[in-house]
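Report on the following structure.
What follows draws every value from the coordinates through simple rules; no lab data is involved. From a predicted model like this one, the values you see are computed outputs, not experimental measurements. So basically every Cβ, Gly included, is an ideal-geometry build from the backbone, and we count neighbours across all protein chains shown.
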Amino acid sequence: MRNVKGFTLLEVMLVLLLMGMISVGVVMTLTSSGHGAQSNQWHAQRFSTLFQLAQDQALLSNNEFGIEFNEQSYTFTYYDFSKRKWLPLVNSRINGHIQLPENIATEYNLQGNVWGELTKVQQKQDNNPFSEQAYLVEIEGQQKETTINPHVLIMSSGEVTPFSYQFSNLESEQNKVTVKVSMNGQIELVSGLL
């Protein structure tokens, strides 16, 4: 018998998987009081990690997900087919609504001509007095439902609305960090000077 020393490929892959899961856990649990949490690089990396988790969950669960961008926050959403509307995503891995500190400014852009045309059409519909919203009647005592209209769609087929999301720190002369996502879901972090 030969005495072979070493690790099998399965053991090495398992260790790498565990290290990756631990590193995601550490990044997600860092408190906002630390220096790294205030950096636009940290927020861009956090967004990128959450996006990857949402993309993986969309593929595995066969559900459609989305991202709604606001001035100082972003919200991960999912489409509830039974209710026929978008709802905030709340689960153990992804907190649906992420509030950014006041010193972090963000800007998103949808990529490609098709998406630009859709945005123009949506703006025309928002100003249209004959849209579906114009016919809704308020009922006294009924709570007004907030509608979520995600800007980015993460499809269960793996396709994603191509976009870029830029983070910049208003209090320091740090570089801007841009998260660029292609139609096939490939993520790229780009740093540039202000």
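The label-point distance for PHE7 and VAL26, in a model that sets each label 7 Å from Cα toward Cβ, rounds to 1.6 nm. Net charge of the neighbourhood of ASN70, taken over other residues with C-beta under 14 Å away and scored Lys/Arg +1, Asp/Glu -1, is -4. The slack in the chain from ASN70 to MET183, taken as 0.36 nm per residue of separation less the alpha-carbon distance, amounts to 38.5 nm. Computed from the Cβ-Cβ distance with R0 of 22 Å, the FRET efficiency linking ASP56 to VAL15 stands at 0.60.
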